[in-house]
Structure formats: C-alpha cells, structure tokens
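The values are calculated or read from the model by the stated rules, or taken from the named source; none is laboratory data. Keep in mind that what you see is a predicted model, and the values were worked out from it rather than measured. Backbone-built Cβ (ideal geometry, glycine too); neighbour counts: all protein chains shown. We work out accessible area using only protein heavy atoms, side chains counted, and drop any ligands, DNA or RNA first. Shrake-Rupley method; radii C 1.70, N 1.55, O 1.52, S 1.80 Å.
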Amino acid sequence: MKLVRFLIALFITISVTVALNLKIGIAPPLGKFLDPFQGFWQNAEKPESFQNEDLTLKGLKSPATVRYDSLLVPHIFAENHEDLYMLQGFVTAQHRLWQMEFQTHAAAGRIAEIAGSDAIPIDRLQRRRGLAFAAVNASKEMEKDKELWSWLTAYASGVNAYIQTLSYKNLPIEYKLLDYKPEPWSPHKTALFLSYMAEDLSGYDVDIENTNALKLFGKEQYDFLFPEAVEDRQPVIPPGTDWDFEPIPLKVPELRVPDVKVAQVVEKPDQIYGSNNWALDGSKTATGRPILANDPHLGLNLPSIWYVMQLQMPGMNTYGATFPGTLGVILGFNDSIAWGSTNATRDVRDWYTIQFRDGAKKEYKFDDKWLRTQIRIEEIKVRGEDSFFDTVLYTHYGPVVYDESFKGKTGRENLALEWVAHGPSTSLEQLTFLKLNTAKNYDEYVEAIKIYNSPPQNFVFASAQGDIALWVQGKFPAKWKEQGKFVMDGSSSAYEWQGFIPQEHNAHVKNPERGFVSSANQFPVADDYPYYTYDGKYEYFRNRRINAQLQAMKSATVADMMELQTDNYNLKAAELLPMMLDSVQYTSLNKQQVKAYDLLKTWNYVNGPDTKAPSIFEIWWKELYYSVWDEFRNQGMALVYPEEYNTIQLLKNYPAHDFVDQKSTPEKETATTLINRSFVVAVDSVMSWSERNEQEYTWGNFKATSLQHLARIKPFSVGNIQIGGGKSIVNATSSRAGASWRMIVALGDDVEAYGVYPGGQSGNPGSPYYGNLIDKWAKGQYYRLLFMKDKEATPEKIIFTNTFSPEK
C-alpha cells in the first residue's frame, strides 16, 4: 500500500514539475526519469532491500559490522577510529546523501547551481553572511589537528565510497527529479554544515531594529518597551550562584549610536524554535540515579535533521542523534554519561557602520587610519544561465553585508558583520562531540565542552556516578553594558570587542541543592553574574512551567519525563486569559460570540489537538497584540515588536498607557477597548477559517503542523499532523517547528533510554522508513532505544546485518 502511495505521489510530482516547472526552473529528462528499469520506479524500496550483505570497502583497516534494528538504526562495530568514522560516512550516505549535500550547497550559497536564477538572492545572502568564509577558516584549523583530520578524511572516504557505487538507477530520487549528480565529499563540507547550523542557531539578532526603535522612540521609551530584565525570570543558572572569579576589566566608552536607518533587514533564522533540557539527581528519582531529558526544537523538515545510530569500538560505545555530514553522536549517551543541549540565546553577532574613503571602497576609516578592505568576487553559478558576480568587501570586523547593492537604498548603509562563528575556532565544535562520545565523568565532560565555541549551547549532563550539571557554553565576547545592542560606529576602536569571557568564567552549575538543572532558551543568569549578557529573544513561559513541574517531583520516573516533554499546558494563556475574559462586555455579545466566550471560560489551558479553545485564544491574542503596537507599523524602517511578556505586563499594569491608544482613531483606547474589539474580530476570523477550510477549528487542524521536504516538494512532505502544543509551551510545536529529537536517559548500572523524532531513518520518500516515526512522535509516544553492549547482543531485535571487509 505504501509503495502504491509513493508511486502515485511521484506521478503527481512529475505533473507538477512539468506544469509548474517545480517553481525552481527545471524539469527532469522524462524519458530517463520514467524508465521502469532506471528511473524513479527504482527508488521504491521493497522488503528485499533490507537483507544481509557482505561488502568490501577500500581503505578499511579491519573487518567491521553494521547491524540494523527494527527502526533501521545502524549499530556500527569497528576496531579503530578511522574504520568507525569511515563506516559512519558510508552508512549515513546510504540513507541521507541528498540531504547531506543539499544542506552544504545551501551553506555555500550554491543553490542557484541546482535551482536556477530564482535562488540567486538566497545565494547572495549566504555569501555575504560569510558562511563559506567561516567554513574555510574552520577547515584550516581542523587540518592542524592531524588526528581529527584523519578522522574527517576517513568519514569523507566512506561517503565517497558509497557515491562511487551509484549509477543513475540507484541515485536518490531528488537527484533524478532535479537532474543533477552528487559531488565528492570532503572535510570542508563537514565544516560547511557546521557553519550552516551556526547560522541557524545563532543567526538571529535585532541590532538594526533596536537602532531604528531607539531613533524613533528615544531612550526612555525604548527602555520601557524593551526591558532587559523582567521580574518573573528564572535564569538557567539559579540566582545566588557563587561566582568565585574577578571579571576581566573593560574600557567603557560613551554610548553613541550611529545615524543609520535601514528599511529592510536580511532574512533571519526563524525564532519559533524552542528547546528544553533538564537532569534530575537521584534525590528526585524513583531509582535514586539521575535521569536526563532533552528535546531540541528545530524546523520540521523531511528528511529529518537527525540520523540516529550507535557507534562502538574498543574504548567507546555511544548512541544518539547525529547530524548527517558530521562525525560522532551529537546528542546522546554512552554507558557512563548522558548529555544534551539547548540553544543558549546570546548576542554573539554585532553590526558596525563602515566609512569608506571614497567610492572605490578600497579603504575604510578606523581611528586615525585608513585600513585596506579585502575584496572577494563571488561567482554564483546559475543553472542554464551565465554566472552572477557579487562583490563582497571584508573588513577586520567581517563581511560588509549591507550596501547600496544589497538591502541599502541611500548608499550610506554600509554595515559589516562581526560574528564569533567567522573565526577559526568554530572547527573545535566537531572535536567537542567526539570527546563527549567517550567521556566517563563530569571532569571529562567539562574537558570536552570547554573547547566548544559556536553556536552557544546550554550543555546538560548526568552521569552514572550521580552527578548532574549544566554549562552555558560558547565563545562569548566580553561586553560593556549595551555594547552590541545597537549598531556601532565601525570607525572607532572604542566599540570593538576587547576580548572574550574566559571559558572558566562561563556560567555553570553542578549538583545544585534543588536537585535538578534545566534550560529552555531563557535568561542565562541573574543580575549577580559579573558579565553583561543580552539577547533580543529570551523565552519567558516554557522555562517557568518546566521548573515548577521539576520542583514538585519526587520519585520521578521515565514516564514522568515523557509526560513533561509532551506537556501542552499553556502558561501564557493561564496568566493572561482571565484578565481578557474579565474585560469582555458579555451582555453585548451575540450567540456565536457567547459560545466562544464560554469555551474559553471553561478551558483548562491545555493545548490539546482536539480542543477548540486554543484556536480562539491564539487568534484573539494575536489580534490584540498587533492592535496594541500600531506605532510600529508603516514607519519606513525595520522594527521588531516588543516581546509578548512585556505586552502582557503593559496591558495588566498600564491599561491606559499612550502605547495602548491607537493613533489612527479619534477616541482614546484602553486595554479594555482593544480586548473587546479584538475578541469580536477573533470570533469572526475563526468561524471564517472553519468555513473556508471546511474543517472544525480544533487546535490540531488550525495549527496545521507539517513536515516539509527540504526542496519543498509537496508529495514528499507530510501535512496537517494532529499534535498539540504551541509557542511558549513545553511541547513547543508550531506549524513549522517542533521537537526534532526527544530523548530520555535513565542512568544506572545499565542504561535505559527512550527516543523518537518526526521522520524516519531513511531519506528516501519511497522507503517505509521515511516517515514511520511521525505518528508516535505526534502522539507523545516513545521507542525503547536498543543500546547494544556488543555486536552479538539481542539478535532477535536485529533485522539484517552488513559485514565489511578491507579490499584486498
């Protein structure tokens, strides 16, 4: 049945390709594509595709084994590092080759080579952000470590060994559909992928928007709208932590913000993500041993961003989620420790105005000198057309992203980007995870993460010895208050970064008295931390819900961790909705509005997929939120609205504030006025949505969570997944983002681990393992993870085995 659906989907795809030209300017050669012996038909995997096989592999030093369990998780057993990583590369390419390569093409700004001229703006942006520049720096640094480079080379050899086995017949379907072939893999492509993830996780900043808002509203009102601290915050590292060090001294200049006005900013990574992690020590668990949980929330795509595997060799046995294209396990466990991470939202990117000497832009002002620019001519190859050339200028800060040819209008918006990820130290991220794979205790965990730089992460830890810990880890510029919050004057050294926070000064906690550690993208520290910390997008609700639940737990079990990871309680609604309902003029409502009001009044604040109240609340709140901030619209400049938490505080504490009043109307609006207006609009909107879509407005239908194929090929995507949650909820599943890997590890004499993710192990849409995990993921269910002690263990759970021998 699945095979029939796949073939039907492919026919639909072909029709779309021909009729709509795939919206990316290409169509496959249909004769070849439709050939029953060579074309897309051969991509439909049959049961006989999964069988025992003996293979030889050039460059392999010793015999090795790969055993596959019922989820198609490979368990790789090798005798040395080079063989282990060569097989990891080979096996990953077998199941995820197109994804691996496509993501590195995206990082390098090379999508136009595949998709044609429509992709030129995307490629220009990636080149101007300097992702390829960062990857080159990282590659050079990795090559200095001979051992690491040999492992990266072995991984690349494994990928290339698989590529060499491919003919058109067994190419992944995307290559056939988009009509191109895979390139050889190299360690540089691994560096490109790491740059890609650094951009995805730390590429959001609001310096330009802050600068515009400061000019528009003035400092006093700006600080009121965008406070750096809030009363209810519960930082990652508990308040009262003893900081037994003296911070490095900084010279603090007078804050002078340049006169810039940018109308449109570049595309940024979506900030609807929301990750969680925590660890409980034995005082709070039923077993008396630690439990660790991690669920990083990322964009929901197919193939899944993660590929799960076990890697074993003498001295190492590790299991977890890997990134296709990188070595080792990224988030996982071994027989001694478990680790996970969430994004440590922190400002590690700053923007500087650049004053060029003249129109030639060969020199720029810096104090009393003129420094030479580095000119890079970026050739963007375009499928079916001549190459597009873009001139990108580099300063000592970094690339000039904005100029008159890109997002600038007046010729005065020359803005350079300084970003930690541009530095050569980004190469150390790969080594961090390889060290974690073999770490046995807290000291070795610290030794592994202390070299990690970008993107910043909250690394949670638990050990079989009973320790728990959390480090806010990254390479953080040591900044004076508000440095980098606004665009800075690049002509003055006073605004440069003066150094970096010493790694041992990074915020961390080990074995706290409360019995748990946790993070959920919130404020990293309290005001007592000696260094300035800032980010424009801290989380306010999810972390407080998690901490309240963990605080109340006694004799916690794995089942309790599962329940919390999939918790749908809407704390934002619980804190806001009673005030909104109390403000509604009930007697003036019509029957439809009364019904909606009563639904909300009896709602338990749980965003379940089958409930209707969350849909009404979501529309009502959005309508109210945007009606409050009418001052931010139509200003001719890039702006971000104040945070939801701050908006709620404004409505509760300052209901008649000038910002609540709508300037476009003659009357003076208050919070009550806007709440009533937006409620009427919300009820009309939800009813119209239901009628237009011919669906009940249940939260699952209205939210319409989907998994989109990376190339946006609709038949290879999965839509309207019925799952609860939402933004600011522990189960932070929105329309296009959600828990990308749920993992729970109970440590002890034997490790007990569970996991699930939205997708499947195969990247082939014609495989039964392409999306077979989605239903359980959506239902909040888990798989017991098979952690094998040796290759002969649990043979009844193995579905087939591949043995590899060195080529003679």
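All of (1) farther than 30 Å from GLU147 by Cβ; (2) within 21 Å of the chain's Cα centre (by Cα) hold for SER202 with one exception: (1).
When each of VAL509, VAL472 is tested for being aliphatic (A, V, I, L, M), out of contact with any helix residue (DSSP H, G or I) (no Cβ under 6 Å at 6 or more places or on another chain), assigned to a strand (DSSP E or B) and under 24 Å from LEU194 (Cβ atoms), the lone residue that passes is VAL472. Filtering the range 379-402 to residues that are in contact (Cβ under 8 Å) with a residue 12 or more places away in the chain and assigned to a strand (DSSP E or B) leaves ILE380, PHE388, PHE389, ASP390, THR391, VAL392, LEU393, TYR394, PRO399, VAL400, VAL401, TYR402. Number of residues in the range 517-550 that are open to solvent by less than 20 Å² (accessible area, probe 1.4 Å) and in contact with a Phe, Trp or Tyr (Cβ under 6 Å, 6 or more places away or on another chain) equals 5. Take the conditions (1) open to solvent by 30 Å² or more (accessible area, probe 1.4 Å); (2) farther than 27 Å from ALA732 by Cα; (3) in contact with a helix residue (DSSP H, G or I) (Cβ under 9 Å, 6 or more places away or on another chain); (4) charged (D, E, K, R); GLU631 misses just one of them, which is (1).
Restricting THR426, THR342, THR353 to those that are of a type in the set (Val, Ile, Thr), out of contact with any Phe, Trp or Tyr (no Cβ under 8 Å at 6 or more places or on another chain), within 25 Å of TYR538 (Cβ to Cβ) and modelled with pLDDT of 95 or more reduces the list to THR342.
The condition (being part of a loop (DSSP other than H, G, I, E, B), surrounded by fewer than 17 Cβ atoms within 10 Å (Cβ to Cβ) and of a type outside the set (Asp, Glu)) is satisfied by just one residue among ARG289, ARG233, ARG256: ARG256. The set of residues in the range 453-478 that are farther than 30 Å from VAL260 by Cα and open to solvent by 10 Å² or more (accessible area, probe 1.4 Å) comprises ASN453, GLN457, ALA464, GLN465, GLY466, ASP467, TRP471.
Candidates in the range 387-409 are the residues that are among the β-branched types (Val, Ile, Thr), within 28 Å of the chain's Cα centre (by Cα) and within 16 Å of VAL487 (Cβ to Cβ); of these, the one that is surrounded by the most Cβ atoms within 10 Å (Cβ to Cβ) is VAL400. What tally of residues in the range 362-374 results from selecting those that are in contact with a Lys or Arg (Cβ under 7 Å, 6 or more places away or on another chain) and outside any strand (DSSP E or B)? Final tally of qualifying residues: 2.
Return the residues of the range 604-628 that are farther than 20 Å from GLN695 by Cβ and either of a type outside the set (A, V, I, L, M) or open to solvent by 20 Å² or more (accessible area, probe 1.4 Å) (or both); say none if nothing qualifies. Scanning the range 604-628 gives ASN604, TYR605, VAL606, TRP621, GLU623, TYR625, TYR626, SER627. Taking strands (runs of 3 or more DSSP E) as the structural unit, those lying wholly within the range 292-361 and holding at least 1 residues that are at negative phi and basic (Lys, Arg) correspond to 349-353. Summed over the range 156-191, the residues that are assigned to a helix (DSSP H, G or I) and open to solvent by 10 Å² or more (accessible area, probe 1.4 Å) give a count of 11. The set of residues from the range 370-386 being surrounded by 12 or more Cβ atoms within 10 Å (Cβ to Cβ), farther than 24 Å from ARG349 by Cα and of a type in the set (D, E, K, R) comprises LYS381, ARG383, GLU385.
Looking at PHE217, PHE224 in this structure, which one is open to solvent by 50 Å² or more (accessible area, probe 1.4 Å) and under 30 Å from VAL260 (Cβ atoms)? One residue alone meets the criteria, PHE224.
Do the conditions hold for ALA739, that is, is it surrounded by fewer than 24 Cβ atoms within 10 Å (Cβ to Cβ), of a type in the set (Gly, Ala, Ser) and modelled with pLDDT of 95 or more? Judged against the criteria, ALA739 is not a match. With respect to the conditions (1) in contact with a Phe, Trp or Tyr (Cβ under 6 Å, 6 or more places away or on another chain); (2) under 28 Å from TYR534 (Cβ atoms); (3) buried (at least 19 other Cβ atoms within 10 Å of the Cβ), LYS481 lacks only one, and its number is (3).
Quick check on ARG346: is it over 23 Å from ARG127 (Cα atoms), open to solvent by 20 Å² or more (accessible area, probe 1.4 Å) and either touching a residue at least 24 places away in the same chain (Cβ under 8 Å) or among the polar types (S, T, N, Q) (or both)? Spelling it out, ARG346 is indeed over 23 Å from ARG127 (Cα atoms), open to solvent by 20 Å² or more (accessible area, probe 1.4 Å) and either touching a residue at least 24 places away in the same chain (Cβ under 8 Å) or among the polar types (S, T, N, Q) (or both). Residues considered: GLY274, GLY240. Of these, the only one that is at positive phi and open to solvent by less than 70 Å² (accessible area, probe 1.4 Å) is GLY240.
Contact map, the range 772-783: residues that are more than 14 Å from SER706 (Cα to Cα) paired with residues that are among the polar types (S, T, N, Q), Cβ distance under 6 Å, separation 6+ or inter-chain. Pairs shown: GLY780/THR566.
Right, GLY724: open to solvent by less than 20 Å² (accessible area, probe 1.4 Å) and under 30 Å from SER49 (Cβ atoms) or not?
Working: open to solvent by less than 20 Å² (accessible area, probe 1.4 Å): yes; under 30 Å from SER49 (Cβ atoms): no.
No.
Within the range 369-419, which residues are β-branched (Val, Ile, Thr) and within 29 Å of GLU113 (Cβ to Cβ)? THR373, ILE375, ILE377, ILE380, VAL382, THR391, VAL392, THR395, VAL400, VAL401 - these are the residues of the range 369-419 that are β-branched (Val, Ile, Thr) and within 29 Å of GLU113 (Cβ to Cβ).
Give me the residue from the range 494-529 that is among the small types (Gly, Ala, Ser) and under 27 Å from the mean Cα position of the chain (by Cα) and, out of that set, farthest from ARG542 (Cα to Cα).
ALA507
Taking the range 181-206 as the range and being in contact (Cβ under 8 Å) with a residue 40 or more places away in the chain, more than 19 Å from ARG349 (Cα to Cα) and among the polar types (S, T, N, Q) as the test, only THR190 passes.
Within the range 733-792, the residues that satisfy the criterion of being among the hydroxyl-bearing types (Ser, Thr, Tyr) and over 22 Å from the mean Cα position of the chain (by Cα) are SER767, TYR769, TYR783. Please specify each residue of the range 447-469 satisfying the condition of being in a strand (DSSP E or B) and hydroxyl-bearing (Ser, Thr, Tyr). Of everything in the range 447-469, just one residue is in a strand (DSSP E or B) and hydroxyl-bearing (Ser, Thr, Tyr), namely SER463. Listed by position, the helices (runs of 4 or more DSSP H) inside the range 62-136 whose residues that are among the charged types (D, E, K, R) and either open to solvent by 30 Å² or more (accessible area, probe 1.4 Å) or under 27 Å from VAL308 (Cβ atoms) (or both) number at least 3 are 81-108.
VAL558 - would you say it is within 19 Å of PHE459 (Cβ to Cβ), out of contact with any Gly (no Cβ under 8 Å at 6 or more places or on another chain) and buried (at least 17 other Cβ atoms within 10 Å of the Cβ)? No; evaluated as a whole, the condition is false for this residue.
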